[in-house]
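S.K.: Okay, handing you the structure first.
The values are calculated or read from the model by the stated rules, or taken from the named source; none is laboratory data. Because the structure is predicted, anything quoted here is derived from the model rather than measured. We place every Cβ from the backbone using ideal geometry, glycine too, and count neighbours over all the protein chains shown.
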Amino acid sequence: MSTKDAINKGIAAHGMWKQRLLDAIKTGRSEWTPTIVCQDNQCEFGKWLYNCSNDEKASPHYEKIRNLHAHFHQNAASVLELALKGNKTAAEAGIDDHSEYSTTSASLTREMMNWKASLD
């Protein structure tokens, strides 16, 4: 898979998490567990990120994305845990526009787009 393809798929996959979290908040259920979600090497993008080439790892974007990606998964897992415990108010606050989840998600997407743009 090319770097651009991996980044495009990563942006799309991580963009779907807000809806997954909203669904978990609404229903109190999820096919995902916080234990799995908090691991940044279990999603397709994370697997690619940890196994990409040394040239890709040498990119000035790589380390920042790796760190943001790890934080994204930790934040998503925290919100999911709240949702699964039925703490809707805290879970909703955990994904509002000013939450750590939202700011990390936006930063991750922006940095992934920057990396992709640098490949042109």
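S.K.: Which condition number in (1) surrounded by 20 or more Cβ atoms within 10 Å (Cβ to Cβ); (2) under 17 Å from Lys88 (Cβ atoms); (3) among the aliphatic types (A, V, I, L, M) is the one that Leu49 fails?
M.R.: Single failed check for Leu49: (2).
S.K.: What is the one condition in (1) under 18 Å from Glu111 (Cβ atoms); (2) outside any helix (DSSP H, G or I) that Lys9 does not satisfy?
M.R.: Result: Lys9 fails condition (2) only.
S.K.: Which residues, counting only those in segment 78-94, are surrounded by fewer than 18 Cβ atoms within 10 Å (Cβ to Cβ) and without any contact (Cβ under 8 Å) to a residue 60 or more places away in the chain?
M.R.: First, pick out the residues of segment 78-94 that are surrounded by fewer than 18 Cβ atoms within 10 Å (Cβ to Cβ): 85-90, 92-93.
Across segment 78-94, the qualifying residues are Lys85, Gly86, Asn87, Thr89, Ala90, Ala93.
S.K.: Further, regarding this structure: Would you be able to tell me the number of residues in segment 26-68 that are part of a helix (DSSP H, G or I) and among the hydrophobic types (A, V, I, L, M, F, W, C)?
M.R.: So the answer is 7.
S.K.: Look through His98, His73 and report the one residue that is surrounded by 20 or more Cβ atoms within 10 Å (Cβ to Cβ) and either of a type in the set (Val, Ile, Thr) or out of contact with any strand residue (DSSP E or B) (no Cβ under 7 Å at 6 or more places or on another chain) (or both).
M.R.: His73
S.K.: If I ask for residues that are touching a His at 6+ places or on another chain (Cβ under 6 Å) and among the β-branched types (Val, Ile, Thr), which ones from segment 75-115 would you list?
M.R.: Answer for segment 75-115, where residues must be touching a His at 6+ places or on another chain (Cβ under 6 Å) and among the β-branched types (Val, Ile, Thr): just Thr104.
S.K.: Still on this structure: How about segment 6-16: which of its residues are out of contact with any Phe, Trp or Tyr (no Cβ under 8 Å at 6 or more places or on another chain), surrounded by 15 or more Cβ atoms within 10 Å (Cβ to Cβ) and of a type in the set (A, V, I, L, M, F, W, C)?
M.R.: Hit for segment 6-16 is Ile11, nothing else.
S.K.: Report every pair of residues separated by at least 6 positions or lying on different chains whose Cβ atoms are under 7 Å apart, first residue within segment 26-39 and surrounded by 13 or more Cβ atoms within 10 Å (Cβ to Cβ), second of a type in the set (Gly, Ala, Ser) and outside any helix (DSSP H, G or I).
M.R.: If the second residue must be of a type in the set (Gly, Ala, Ser) and outside any helix (DSSP H, G or I), the pairs left are Gly28/Gly86.
S.K.: With the structure loaded, tell me whether Lys64 is over 19 Å from Ser105 (Cα atoms) and at pLDDT 95 or above or whether it fails that test.
M.R.: no
S.K.: Restricting attention to segment 58-70, which residues are crowded, with 19+ Cβ neighbours inside 10 Å and hydrophobic (A, V, I, L, M, F, W, C)?
M.R.: Residues satisfying the conditions are Ile65, Leu68.
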